[in-house]
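Participant: Can you keep this structure in mind? I'll have questions shortly.
Derivation of every value follows stated rules applied to the coordinates shown; laboratory data play no part. Values in this document were obtained by computation on a predicted structure and should not be read as measured data. Every residue, glycine among them, receives a Cβ derived from its backbone with ideal geometry; neighbour counts consider all protein chains shown.
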Amino acid sequence: MNSNPVVILGVTGSIAAHKAVDVASQLTKQGCAVRVAMTPDAQRFVTALPFKTLSRHRVVTELFDEQEDWKPVHIEWADEAQLMLIAPASANTLAKLAHGIADNALTCMALALNSKAKLLLAPAMNGKMWLHPATRQNVSLLRERGAEFIGPEEGSLACGYEGVGRLWPVEAIVNQALKLLHKTN
Ligand SMILES: Cc1cc2nc3c(=O)[nH]c(=O)nc-3n(C[C@H](O)[C@H](O)[C@H](O)COP(=O)(O)O)c2cc1C
């Protein structure tokens, strides 16, 4: 593994978004240079502040307002990354990734991701959303293109139902991310 591999941590609008704070913290402690990109709806669940503090780096939340230099941040990070981990990955963002939609900073980064970088997706959603044929097809498309999935797991869901859709345990997501980084280098 490079001394400080660049990991884009994408956070989407899921009730599990708060768990991504721990993902950012653990990856940073493991020596990764964590770059957090949040969708607009992710910010309804958790603010950028804990990510900024724990990753010790600016957080990208808006596609058009965050540019400090001539190069768009979503391209700069996509060029630099060894891994893009989206945790939690919402049904909506999975659908966008499957169909090449680039309408926010996170989805632009995913589409612009350099070809050596791995894409690891940790979905979290209501069980019916996960099992819907549209989501099944989106997951298949993404797998065919080389994206890796971790989870979701079965259990009691925040929406009040039991089923498959819980975010995979944070420690296992972090371990899988580190494993992929070791494979890359
Ligand atoms: C309380 C609440 C919890 C939600 N949790 C999830 C979730 O866990 N997974 C999911 O796919 N969508 C969830 N949604 C719906 C998403 O927030 C919605 O589809 C949103 O547009 C996702 O946007 P994004 O993919 O750009 O972040 C939830 C919505 C609400 C109101």
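Participant: Along the charge dipole of segment 6-184, which of ALA105, PRO123, MET38 sits closest to the positive end, that is, farthest toward it, with unit charges on the beta carbon of Lys, Arg, Asp and Glu (+1, +1, -1, -1)?
Facilitator: Projecting each Cα onto the dipole axis, the largest value belongs to PRO123.
Participant: Shifting gears a bit: Taking the alpha-carbon distance from LYS52 and a cut-off under 17 Å, which aspartates and glutamates remain once sequence neighbours fewer than 8 residues away in the same chain are dropped?
Facilitator: Cα-Cα hits under 17 Å: ASP22, GLU62, ASP65, GLU66, GLU68.
Participant: Something else: Within segment 6-184, what percent of beta bridges assigned by DSSP are antiparallel, to the nearest 5? Kindly include the intermediate steps, with their values, before the conclusion.
Facilitator: On the way: 4 of 22 bridges.
Approximately 20 percent, going by the DSSP bridge assignments.
Participant: Under a Cβ-only charge scheme (Lys and Arg +1, Asp and Glu -1), can you give me the dipole magnitude of the chain about the Cα centre, in debye to the nearest 20?
Facilitator: Numbers: 18 positive and 17 negative charges, 79 e Å.
Dipole of the chain, to the nearest 20 debye: 380 debye.
Participant: Starting from the amide H of ALA33, placed 1.01 Å from N in the peptide plane, find each other amide H under 5 Å away whose residue is 5 or more places distant or on another chain.
Facilitator: VAL6, VAL7
Participant: In addition: Taking segment 76-185 on its own, what percent of its Cα-Cα pair distances exceed 25 Å? List each step's numbers first, then the result.
Facilitator: Details: 1152 of 5995 pairs.
In whole percent, the long-distance tail amounts to 19.
Participant: Right, another one. Using a cut-off of 18 Å between alpha-carbon atoms, which lysines can reach LYS116, once sequence neighbours fewer than 8 places away in the same chain are excluded?
Facilitator: Once the sequence-local lysines are set aside, what remains near LYS116 is LYS179, LYS183.
Participant: Follow-up question, since we're still on this one. Tell me which GluC sites (Glu not before Pro) from segment 52-133 have a DSSP coil assignment and no more than 16 other beta carbons within 10 Å of their own. It would help to have the intermediate numbers written out before the result.
Facilitator: Details: sites: GLU62, GLU66, GLU68, GLU76, GLU80; in loops: GLU62, GLU66, GLU68.
Of the GluC sites (Glu not before Pro), the ones in loops of segment 52-133 whose Cβ has at most 16 other Cβ atoms within 10 Å are GLU62, GLU66, GLU68.
Participant: Let me ask something else. In the chain, if every C-alpha pair distance is counted and binned at 5 Å from zero, what percent goes to each bin?
Facilitator: Per 5 Å bin, starting at 0, the Cα pair percentages come out as 1, 9, 19, 23, 22, 15, 8, 2, 0, 0.
Participant: Can you find, among ASN4, ILE150, ALA24, the residue sitting farthest towards the positive end of the charge dipole of the chain, where Lys and Arg contribute +1 and Asp and Glu -1 at Cβ?
Facilitator: ILE150
Participant: Given a cut-off of under 8 Å on Cα pairs at least six residues apart, what relative contact order in percent is computed for segment 6-184? Could the numbers behind the result be given before it?
Facilitator: Values: 362 pairs, mean separation 40.5, N = 179.
Averaging sequence separation for qualifying contacts and normalising by length gives 23 percent for segment 6-184.
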